[in-house]
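The block underneath contains the structure these notes are about, expressed in structure tokens.
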Amino acid sequence: MSIPTGQKALLLPSKQGEFVVDTVDVPNPDAGEVLVRIEAASLSHLELLMQRTGIYITSYPAILGLDAAGVVVAVGDEVENVSLGDRVLFVANFNLANRFAAQQQYAVMKANLTSKIPPNITFDEAATLPCNLTTAVNGLYSSVAFVAGGIQRGGANLTPFWKEGGRGKYAAQPIVILGGSSSVGQYAIQLARISGFSPIITTASPKNADFVTSFGATHVLDRNLSREVLIAKIREITSQPVHLVYDAVSFPETQNVAYDILAPGGTLIVVPTYS
Ligand SMILES: NC(=O)c1ccc[n+]([C@@H]2O[C@H](COP(=O)([O-])OP(=O)(O)OC[C@H]3O[C@@H](n4cnc5c(N)ncnc54)[C@H](OP(=O)(O)O)[C@@H]3O)[C@@H](O)[C@H]2O)c1
């Protein structure tokens, strides 16, 4: 495959500056890395916050871009899991260096942190998956409280469904997922279903009720209901204590509902809000 030496990138030239398209070198993959021709990348809430405030950016010009999907066009030494021409998606490590960022035509990535894209998924669809899915997965299954940007983070430490005994382990236990039609909420519902939770109670706009039910929600409540009515309706659906709430949007109003419905000693998962 012919690879150019220069490429277009979306650059942030200075702190709180405006994004500009400019030309930068195409990076080379080191051992264990692949070079990916980026076909689709997202610009998320986080990156807009980074542009607005400079948070997490250590040097300029900076290239951002976390969600990436594309084609492997060069393979470094010691790479075994992917080959030239493979379609892959990944969470780009743009915080490490510009060569890893997704908002450019070519980026390098550690090969063992890429996933192959099934043939029935387009690049655009694939690029919506990495951060949304990993946020949902980390919230539910991560045990490690790690520090990122000075903030300690961790997850609910559930047994993941991909480990022995994990699939269906939480059968007959209720979960409440606030914001089930959001990008993170959609994945949280699907993961909760695989882990066995029942009922899976979520909130969304009525127009999205069929949508969230289609992939696993068992009960959908109008997210515009008052806090008191939402809590009463959740208690009508399940008389069991709710030990796990995933607030996938984490607005003040949803966090208040979450706290009120949570059983003593329960776990509330929140997402960092960047808007
Ligand atoms: N996406 C990620 O990877 C990620 C990672 C970390 C943190 N976050 C944070 O998570 C939050 C959500 O991000 P997202 O990308 O998942 O958002 P999104 O896909 O843009 O979600 C928007 C949806 O959230 C729903 N929503 C809004 N207010 C709600 C409320 N009060 N109650 C219930 N649902 C409500 C609405 O659903 P209806 O249309 O049904 O009303 C709306 O369509 C943001 O604050 C973001 O910064 C996201």
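The values are calculated or read from the model by the stated rules, or taken from the named source; none is laboratory data. On a predicted model such as this, the values are computed, not experimentally measured, just so you know. Note: ideal-geometry Cβ built from the backbone for every residue, glycine included; neighbour counts use all protein chains shown. Keep in mind that these areas ignore ligands, DNA and RNA; they rest on the heavy atoms of the full protein, side chains included. Shrake-Rupley method; radii C 1.70, N 1.55, O 1.52, S 1.80 Å.
The condition of being within 13 Å of residue 136 (Cβ to Cβ) and open to solvent by less than 40 Å² (accessible area, probe 1.4 Å) holds for only one of 204, 192, 209, that being 192.
Looking across region 44-61 at every residue that is open to solvent by less than 20 Å² (accessible area, probe 1.4 Å) and out of contact with any Gly (no Cβ under 8 Å at 6 or more places or on another chain), the one that is nearest to the ligand (Cβ to nearest atom) is identified as 50. Could we say that residue 64 is open to solvent by 40 Å² or more (accessible area, probe 1.4 Å), out of contact with any Lys or Arg (no Cβ under 9 Å at 6 or more places or on another chain), within 21 Å of residue 274 (Cα to Cα) and among the aliphatic types (A, V, I, L, M) here? Answer is no for this residue. If you scan region 150-189, which residues turn out to be touching a strand residue (DSSP E or B) at 6+ places or on another chain (Cβ under 9 Å), surrounded by fewer than 16 Cβ atoms within 10 Å (Cβ to Cβ) and closer than 26 Å to residue 231 by Cα? Answer for region 150-189, where residues must be touching a strand residue (DSSP E or B) at 6+ places or on another chain (Cβ under 9 Å), surrounded by fewer than 16 Cβ atoms within 10 Å (Cβ to Cβ) and closer than 26 Å to residue 231 by Cα: just 157. Every listed requirement among (1) open to solvent by 80 Å² or more (accessible area, probe 1.4 Å); (2) in contact (Cβ under 8 Å) with a residue 40 or more places away in the chain; (3) out of contact with any Pro (no Cβ under 9 Å at 6 or more places or on another chain) is met by residue 227 save one, (2). If you check 191, 129, 133 for being away from the ligand (no atom under 11 Å from the Cβ) and in contact (Cβ under 8 Å) with a residue 40 or more places away in the chain, only one passes: 191. Residues of region 58-80 that are in contact with a helix residue (DSSP H, G or I) (Cβ under 6 Å, 6 or more places away or on another chain) and assigned to a loop (DSSP other than H, G, I, E, B): 64, 66, 79. Of all residues in region 240-272, exactly one satisfies the criterion of being open to solvent by 80 Å² or more (accessible area, probe 1.4 Å), part of a loop (DSSP other than H, G, I, E, B) and either over 23 Å from residue 191 (Cα atoms) or within 14 Å of the ligand (Cβ to nearest atom) (or both), namely 251. Quick check on residue 209: is it within 25 Å of residue 46 (Cα to Cα) and not β-branched (Val, Ile, Thr)? Against the criterion (within 25 Å of residue 46 (Cα to Cα) and not β-branched (Val, Ile, Thr)), residue 209 does not qualify.
A single member of 41, 97 is open to solvent by 30 Å² or more (accessible area, probe 1.4 Å) and within 19 Å of residue 127 (Cα to Cα), and it is 41. As for region 31-47, it holds at least one residue that is farther than 30 Å from residue 75 by Cβ, of a type outside the set (A, V, I, L, M) and outside any loop (DSSP other than H, G, I, E, B).
Go through 101, 68 for me and flag whichever is under 16 Å from residue 131 (Cβ atoms), out of contact with any His (no Cβ under 8 Å at 6 or more places or on another chain) and within 16 Å of the ligand (Cβ to nearest atom). Break it down into steps so the answer makes sense when it comes.
Values: 101 fails: within 16 Å of the ligand (Cβ to nearest atom).
Exactly one of 101, 68 is under 16 Å from residue 131 (Cβ atoms), out of contact with any His (no Cβ under 8 Å at 6 or more places or on another chain) and within 16 Å of the ligand (Cβ to nearest atom), namely 68.
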